[in-house]
1. For a quick check of your reading of the model, give me the residue pairs whose first member lies in the range 245-271 and is within 12 Å of PRO152 (Cα to Cα), whose second is in a loop (DSSP other than H, G, I, E, B) and of a type in the set (A, V, I, L, M, F, W, C), with beta-carbon atoms closer than 7 Å and at least 6 apart or on different chains.
2. Between residues in the range 282-294 that are under 15 Å from LEU330 (Cβ atoms) and residues that are modelled with pLDDT of 90 or more and charged (D, E, K, R), which pairs lie under 8 Å by C-beta distance while being six or more apart or on different chains?
3. Take the residues in the range 123-164 that are β-branched (Val, Ile, Thr) and under 19 Å from VAL250 (Cα atoms), then tell me which one is surrounded by the most Cβ atoms within 10 Å (Cβ to Cβ).
4. Output the qualifying pairs, or none if there are none: Cβ atoms under 9 angstrom, residues six or more apart or on different chains, first residue in the range 221-232 and without any contact (Cβ under 8 Å) to a residue 60 or more places away in the chain and basic (Lys, Arg), second residue surrounded by 10 or more Cβ atoms within 10 Å (Cβ to Cβ) and part of a loop (DSSP other than H, G, I, E, B).
5. I'd like to check something: does the range 119-134 contain any residue that is at pLDDT 90 or above and outside any helix (DSSP H, G or I)?
6. Quick check: is even one residue across the range 238-247 part of a helix (DSSP H, G or I) and farther than 26 Å from MET175 by Cα?
7. Looking at SER201, SER162, can you tell me which residue is within 16 Å of CYS260 (Cα to Cα), hydroxyl-bearing (Ser, Thr, Tyr) and touching a strand residue (DSSP E or B) at 6+ places or on another chain (Cβ under 7 Å)?
8. Looking at the structure I just gave you, is ILE219 more than 36 Å from the chain's Cα centre (by Cα) and crowded, with 16+ Cβ neighbours inside 10 Å?
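The values are calculated or read from the model by the stated rules, or taken from the named source; none is laboratory data. Quick caveat, the model's predicted, so the values are computed rather than measured. Glycine gets a Cβ as well: all are built from the backbone with ideal geometry, and neighbour counts include every protein chain shown.
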Amino acid sequence: MSTIVVRASDTALAMDEVVKRLGQDAYILSTKQKNGQVEIRATTEAPKPRRAPRFDVSNKTFGEVLAERTAQVQPAPLSVPEPVVVSTPTPTTHQPAFRPDPTRAMGGWPGLAPGFVADLWVELGQDADEVRGFFSQLCAAILPSQPMGYAPRTLIVGPKGSGKTLTAARLAAMMMTEQSMRSVRLIAPRKERLMAADALSGHVRLMGLTVERPLHSEIRINPDWMRVDATLPQVFDLTDTTPDHAKALVVEGHTEVILCLPSGLHPALIARYLSDWRDLSPVVCLTRTDDWQPMPEELSAIAASGLRLGLVGTGSALLDTLARPTASDLRSFATGWLNPNGART
């Protein structure tokens, strides 16, 4: 029996070498990743299965037989590898190993594959001016060219439980701190009359602000709601609002739309939310990043949609918990991808 060990950069090349040396009737004994390469052990004959040990049960009670068998060390069953069926090689160009692209659709994403992690190690070890690869492409695709939080009107939208209300309060605090504004109008439209205090009122009371709670029907018929004032910015907390209803509040050239999404969502679900709100050209705010830092699949889903990551929320306080991400922040996330089982930062 002839046994060989073949190493190559990917499985396809290794299999080609096995067929070349042992023929198409070769048996694969093992396949594993080693030192960034694929290692395959193959042979020309299938190993013979071991037979289970026999026991003499003549003139013995059930208890005696059971005691003998449980005292024996049972060998692990040896499975016979299935014969490898290798198609006839075609003269086409060999397909290279998968390289993730943050701007393409999410189908076929490999997750934290060994090849991706190895490439990321090399890329993050380079100087900032020399970085080339997935991380640099991600930064170019996802970081906005202009900072958020300076528009006269800001609409905060997103699915239920995404942190819109807390983000609205944090954005108001950021505006008052950075722009030395005395006040910000916080507006939370409602479908019906309130029967109890809301969470937003509790947040902004600490800043000396109040929350305006007009009915959606009042906004649609009152033209005053379409007026904006640069000296008194408006922040709308839009709960249970459809993209069409939010579009009615957009004042051309004076409105920013922030789409809140909690970190840790499946990339397919992120893509669906981004598609629903794409017509409003929102900037994404990832919330709860202290509970779960965003993974490459999540950031790639945002990049693939053509939208930008403008804000990142963390913690539960109002001040210094809403930040505009930079390349350094994304590098911190990427460093965590290299050690996904390590401690959270």
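1. Hits for this filter: VAL251/VAL228; HIS254/ALA151; HIS254/VAL228; THR255/ALA151; GLU256/MET148; GLU256/ALA151.
2. Pairs found: VAL284/ARG308; LEU286/GLU298.
3. If we filter the range 123-164 for residues that are β-branched (Val, Ile, Thr), which is where we start, we get 131, 142, 154, 156-157.
From what's left, under 19 Å from VAL250 (Cα atoms): 154, 156-157.
On the way: THR154: 25, ILE156: 27, VAL157: 24.
So, considering only residues that are β-branched (Val, Ile, Thr) and under 19 Å from VAL250 (Cα atoms), the one surrounded by the most Cβ atoms within 10 Å (Cβ to Cβ) is ILE156.
4. Pairs found: ARG227/VAL251.
5. Taking the range 119-134 and keeping what is at pLDDT 90 or above, we get none.
There is no residue in the range 119-134 that is at pLDDT 90 or above and outside any helix (DSSP H, G or I).
6. yes
7. Numbers: SER201 fails: within 16 Å of CYS260 (Cα to Cα).
SER162 is the lone residue from the list that is within 16 Å of CYS260 (Cα to Cα), hydroxyl-bearing (Ser, Thr, Tyr) and touching a strand residue (DSSP E or B) at 6+ places or on another chain (Cβ under 7 Å).
8. On the way: more than 36 Å from the chain's Cα centre (by Cα): yes; crowded, with 16+ Cβ neighbours inside 10 Å: yes.
In short, yes.
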